[in-house]
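Accompanying notes for the structure given below.
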Amino acid sequence: MKGERVAQLELLLRSHPEGLRRAEIARRLGVHRSTISRYVEDLSQHIDIYEENNLIKIRPKEDDDSIALSVYESLAFNMSAEALASDTAIQSPHLASGLRKIAMNMRTYAPKVSENILAVAERIDQNVQRDKSLSSHFSKILEVLIDAWVTGRMVRLGTDDEDGEIELAPYFIGFRDEDGEGRKPITVTGRLRHTKDIVTLDITKITQATLLEETYTIPDNLKPFRMSQKDETDYDAIDMIPLVLSVREKSAMNSFSSLVHTPFSFTHEEDGRLTCTFKAENSIELMMRLFQCGRSVTIVQPESYRRKYLTYMRDILDSYAEEV
């Protein structure tokens, strides 16, 4: 246990280059303050630690690289950090650590911005501490996925759905913007093993992750593939939407030419209209193309996407409420 605490102390100090007081270290490690001196002494046998103004710090090496941003770049970075702190559903200690390191480099030429970014990092840390069990689990899953992505290795994932376990080649880790929901979950997109199916998973819904020895490569000509998705109501979590449209004017389908989609399949109905079935990329561009079609096409299926389309229409009408 002692060795584990010393390792945690090193990570904590490296994440806080500005230094921490003993009481704060004890609070973050969840131990009594009287034990911190022993941990500091043990860690000092391996790395250069010093204390200044009651703050314990790791002495930077002379050859450590530093970052120099312009004042404009510094302010832009500060605003980006604020956005990250506000929009990320699950806060990450790695985000707070990275922000602190950059902020420390700004102290000489942009002290006010540096203080602001340090405050953002502290706010993120407080959020992490507030819900430590959830944040810790999320961070562990994310770390395994990043390791798999960087090293080009497959990963075995446990999920809450009926599939249980899947094996995935991670192609991309990032945010997915869920329009109108005010939520930007961090997701992983990759190919299911032994298939050509590409899936996108909300990382908060992954229960466990194990790095495998098998390697993979990301295709140079990677394009959107058919998605494997059991829940038809969650179309913000996949890349292709299976659409069924009622078509009054066939020429209106030309509006979709700029989108990634599967070939159109037309069926003639008894009332003279056409029904068109195809899969199209899940993007705001698809919504815009449907608006462009006006009354020429109507969404029949899926019902969930039809409701989303109607919500967009109502929002547009509401913006002109006084004139309608």
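The values are calculated or read from the model by the stated rules, or taken from the named source; none is laboratory data. Everything numeric in this text was worked out from a predicted model, so none of it was measured. Neighbour counts run over all protein chains shown; Cβ positions are idealised from the backbone, glycine included. Side chains included, ligands, DNA and RNA excluded: accessible areas come from the protein's heavy atoms. Shrake-Rupley method; radii C 1.70, N 1.55, O 1.52, S 1.80 Å.
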Please give the per residue accessible area of the range 243-324, computed with a probe of 1.4 Å over protein heavy atoms only, in Å². 63
Compactness of the range 1-56 as Cα Rg over 2.2 N^0.38 Å, two decimals: 0.98
Work through the residues other than Thr298 whose Cβ is under 11 Å from its Cβ and net out their charges, Lys, Arg +1 and Asp, Glu -1. +4
Please arrange Phe172, Phe138 by accessible surface area, largest first, computed with a 1.4 Å probe and ligands excluded. Phe172, Phe138
Taking 0.36 nm per intervening residue step and subtracting the Cα-Cα distance, what contour gain separates Lys205 from Glu115 on full extension? 28.9 nm
So who's got an amide H within less than 5 Å of the one on Val297, skipping anything under 5 residues away but keeping other chains? H placed 1.01 Å off N, in plane. Arg248
What's the extension gain from Ile284 to Glu269 if we count 0.36 nm per residue and subtract their Cα-Cα distance? 2.5 nm
Heavy-atom accessible area of Phe77, protein chains in place, probe 1.4 angstrom, given in Å² to nearest 10, is 60
Ranking by accessible area, most exposed first, for Tyr320, Tyr39, Tyr109 with a 1.4 Å probe: Tyr320, Tyr109, Tyr39
Formal net charge of residues neighbouring Phe264 (Cβ-Cβ distance under 12 Å; K, R +1; D, E -1): +2
Heavy atoms of the protein only, probe of 1.4 Å, neighbouring chains included. What is the accessible area of Val244 in Å², nearest 10? 40
